[in-house]
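What follows is a short report on a single structure.
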Amino acid sequence: MRHTAGSRLVAALAAGAVLAGAVTLVTTDLADAATTGAGSVAVLYAGSLTDVMTNVIGPGFTTSTGITVNGFAGGSSALATDIKGGVQQGDVFVSASPAVNLTLAGPTNGSWVSWYVKFATSPLVLGYNPKSTFAADLKTQPWYKVVTKPGFLLGRTDPALDPKGVLAVQAVNATAKNEKDPSLTSVLSSTATVFPEETLVGRLQSGQLDAGFFYAAEAKAAGIPTVPLGSLKLSATYTVTVLRGAPNAANARAFVRYLLGPKGRAGLQTSGFVAIRPPKLVGRGAPSALARLASSG
């Protein structure tokens with residue numbers, strides 16, 4: 001039988017939950033979240049969520065609960081590595097790819113994650129600087145014809161640190177194959193235009209890049225014009241979980257409940273994200289109230 005990446009991930013999460021032994025899974029009902037407005041919650045999130053987290057979800061959650069959000073943005077894979085290495089301590093982890101959770105699941109990975117919820121998506125697009133000398137070409141020609149022109153600077157993130165970098169490589173390779181143009185892969189040969197996810201928008205806006213791979217929602221937030229990637233359907237799938245041993249576990253559960261609730265969904269949709277309805281729960285040991293908010297998948 002052929003197993004998909006998704007089924008392997010579910011199996012790994014399940015195995016982690018069973019084999020963890022001494023690890024206590026989060027099973028407390030979300031309703032026990034702090035109601036006094038005291039304390040804070042540390043949220044580690046994908047850099048592409050910076051605008052919505054700092055301007056919409058974070059302030060909305062604080063207004064509703066009185067709990068302060070201490071957020072830290074970065075590439076999802078890089079954050080996972082920091083969590084395992086003890087470099088970053090958080091209560092909530094929000095990733096741009098379900099697969100990243102696998103690197104935190106099971107005893108060999110510290111059993112930081114035993115469950116997660118898929119709650120939103122955003123398609124991969126090519127965002128460009130409207131002041132670029134190539135802007136007119138991007139409006140009238142196929143993107144894959146323009147990015148290979150001499151002098152064109154195409155930005156992307158590191159696939160080893162960020163899922164968006166993985167999707168960017170997939171987009172280039174798939175298009176090169178579909179268009180029978182192997183020369184397109186040359187745009188991946190240089191690392192000079194590979195930047196951290198949290199700085200890529202600024203690099204483009206400052207004129208250091210002609211274009212770059214972004215998620216549609218983050219491009220919208222930054223006012224970056226975009227062009228679609230043709231028939232390719234690649235996108236971020238955002239997930240959220242409460243990390244094992246979260247110092248502020250009750251507040252973390254309250255944050256997840258808010259994010260998955262009506263106000264959180266409304267904020268995501270206003271910011272250009274596509275909310276997954278109902279949210280999809282993967283793994284075992286999730287809070288019972290959260291399990292009632294999500295369906296298995």
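The values are calculated or read from the model by the stated rules, or taken from the named source; none is laboratory data. Note that the structure is a prediction, hence the values are computed from the model and not measured. Ideal geometry is used to build each Cβ from the backbone, glycine not excepted, and the neighbour counts take in all protein chains shown.
Tell me, yes or no, whether region 154-168 has at least one residue that is of a type in the set (D, E, K, R), within 17 Å of Tyr128 (Cα to Cα) and not assigned by TED's automatic domain parsing to the domain that holds Val100. Within region 154-168 (the criterion being of a type in the set (D, E, K, R), within 17 Å of Tyr128 (Cα to Cα) and not assigned by TED's automatic domain parsing to the domain that holds Val100), the answer is yes, since at least one residue qualifies. Looking at this structure, is Ala286 at pLDDT 95 or above and of a type outside the set (Lys, Arg)? For Ala286, the condition - at pLDDT 95 or above and of a type outside the set (Lys, Arg) - is not met. If I ask for residues that are in a loop (DSSP other than H, G, I, E, B) and within 24 Å of the chain's Cα centre (by Cα), which ones from region 142-162 would you list? Matches in region 142-162: Thr157, Asp158, Pro159, Ala160, Leu161, Asp162. The requirement of being on the phi > 0 side of the Ramachandran plot and either touching a residue at least 40 places away in the same chain (Cβ under 8 Å) or crowded, with 24+ Cβ neighbours inside 10 Å (or both) is fulfilled nowhere in region 112-125; no residue meets it.
Residue-level analysis places Lys139 outside the set of residues that are over 17 Å from the mean Cα position of the chain (by Cα) and either without any contact (Cβ under 8 Å) to a residue 24 or more places away in the chain or closer than 30 Å to Gly86 by Cβ (or both). Here Pro247 does not fit the description of being of a type outside the set (Lys, Arg), over 18 Å from Leu44 (Cβ atoms) and surrounded by fewer than 16 Cβ atoms within 10 Å (Cβ to Cβ). Residues in region 83-107 that are at pLDDT 95 or above, in contact with a helix residue (DSSP H, G or I) (Cβ under 9 Å, 6 or more places away or on another chain) and either buried (at least 20 other Cβ atoms within 10 Å of the Cβ) or under 24 Å from Ser122 (Cβ atoms) (or both): how many? Qualifying residue count for the region: 17. Does Arg253 satisfy the criteria of being without any contact (Cβ under 8 Å) to a residue 24 or more places away in the chain, among the basic types (Lys, Arg) and out of contact with any His (no Cβ under 7 Å at 6 or more places or on another chain)? So Arg253 fails the test. Only a single criterion out of (1) buried (at least 19 other Cβ atoms within 10 Å of the Cβ); (2) outside the structural domain of Ser48 (by TED's automatic domain parsing) is not satisfied by Arg203, namely (1).
If you go through region 169-197 and keep only what is assigned to a helix (DSSP H, G or I) and either in the same structural domain as Thr54 (by TED's automatic domain parsing) or loosely packed, with under 14 Cβ neighbours inside 10 Å (or both), you end up with Lys177, Asn178, Pro182, Ser183, Ser186. Output the residue which, of all residues in region 227-244 that are farther than 14 Å from Ala168 by Cβ and either free of Cβ contacts under 8 Å to residues at least 24 places away in the same chain or of a type in the set (S, T, N, Q) (or both), is surrounded by the fewest Cβ atoms within 10 Å (Cβ to Cβ). Here the residue is Ser231. Here Gly267 fits the description: out of contact with any strand residue (DSSP E or B) (no Cβ under 9 Å at 6 or more places or on another chain), buried (at least 17 other Cβ atoms within 10 Å of the Cβ) and farther than 25 Å from Asn129 by Cβ. For region 112-135, the criterion of being in contact with a Ser or Thr (Cβ under 8 Å, 6 or more places away or on another chain), of a type in the set (Lys, Arg) and not in a helix (DSSP H, G or I) is met by at least one residue.
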